[in-house]
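To start, the structure itself, in structure tokens.
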Amino acid sequence: MVPSSLRATLRADFEAMAEGEALGTGRVVARVLVHARWRAVLVSRWAQHLFAGRATRPLALWLSDRVLAFSGAELQPRASIGPGLVLKHSTGLVVGGDVVAGERLTLHQNVTLGDRHPFGGQPVVGDDVTVGAGACVLGPITIGDRVVVAANAVVLDDVPADCVVAGAPARIVRQRPPVREVRVGK
């Protein structure tokens, strides 16, 4: 039986990956069978879940290795990634074990989220972040909410919320106005 928290996370992941298309159980199963990126998310989430138990860690590491073999994505099971993960293309993805990412993270192909030096610390990524193809986000840095990291950017410093960064090394190229909450009632 699938634990309810894992089931809820997978539901959020698959809904996000469907990009607005209505999905029934049959369509999800078909996508998992056909698309490596969907299988990568499914198996990686199982590995994350199993990594929490000391006795099941070897199985989690084996599953993580299987994801790398069939999809080209190295998603460490120790990484903490919130629900709504979208892998646009799985080939060449690397997500280090100490990465902490919020909800609705979108990763394109050949993205690296990791450290600059061995044991040098890894990024903390906010909610609603998109990382473009070939981008590297390296070191013990913080990426704010609603940030877009452009393709091939190399991010080595903290990035505030609501902006777009590009270049190598990355610089802010556009600052977006912060999202305002709309309150109904009082």
Can you name every residue in region 158-179 that is within 13 Å of residue 145 (Cα to Cα) and modelled with pLDDT under 95?
175, 176, 177, 178, 179
Among the residues in region 3-13, are any polar (S, T, N, Q), farther than 22 Å from residue 145 by Cβ and assigned to a helix (DSSP H, G or I)?
yes
Sole residue being under 18 Å from residue 79 (Cα atoms) and in contact with a strand residue (DSSP E or B) (Cβ under 6 Å, 6 or more places away or on another chain), chosen from 149, 111, 173:
111
Among the residues of region 7-34, write down those that are surrounded by 14 or more Cβ atoms within 10 Å (Cβ to Cβ) and either within 17 Å of the chain's Cα centre (by Cα) or at pLDDT 85 or above (or both).
9, 10, 11, 12, 13, 14, 15, 16, 17, 18
Only one of these is without any contact (Cβ under 8 Å) to a residue 12 or more places away in the chain and not charged (D, E, K, R): 67, 34, 86, 43. Name it.
34
For residue 117: the one exception among (1) surrounded by fewer than 22 Cβ atoms within 10 Å (Cβ to Cβ); (2) under 10 Å from the mean Cα position of the chain (by Cα); (3) closer than 19 Å to residue 142 by Cβ:
(2)
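Residues are listed down the side, and each one gets a yes or a no for (1) within 15 Å of the chain's Cα centre (by Cα); (2) of a type in the set (Gly, Ala, Ser):
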position	(1), (2)
122	yes, no
125	yes, no
132	yes, yes
138	yes, no
150	no, yes
154	no, no
163	no, no
172	no, no
177	no, no
Which listed residue is out of contact with any helix residue (DSSP H, G or I) (no Cβ under 7 Å at 6 or more places or on another chain), of a type outside the set (Lys, Arg), closer than 24 Å to residue 122 by Cβ and surrounded by 16 or more Cβ atoms within 10 Å (Cβ to Cβ), from 82, 53:
82
Regarding residue 64, is this residue hydroxyl-bearing (Ser, Thr, Tyr) and crowded, with 17+ Cβ neighbours inside 10 Å?
yes
When only residues in region 85-109 that are assigned to a strand (DSSP E or B) and of a type in the set (A, V, I, L, M) count, which is surrounded by the most Cβ atoms within 10 Å (Cβ to Cβ)?
107
Would you mind stating whether residue 154 is crowded, with 19+ Cβ neighbours inside 10 Å, on the phi < 0 side of the Ramachandran plot and modelled with pLDDT of 95 or more?
no
Given (1) basic (Lys, Arg); (2) at pLDDT below 95; (3) touching an Asp or Glu at 6+ places or on another chain (Cβ under 7 Å), where does residue 104 come up short, assuming only one miss?
(2)
A careful count of residues in region 1-41 that are hydroxyl-bearing (Ser, Thr, Tyr) and more than 23 Å from residue 60 (Cα to Cα) gives 1
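The values are calculated or read from the model by the stated rules, or taken from the named source; none is laboratory data. The shown structure was predicted, so the numbers you read here are calculated from the model rather than taken from an experiment. When we count neighbours, we look across all protein chains shown, and the Cβ atoms used for this are built from the backbone with ideal geometry, even at glycine.
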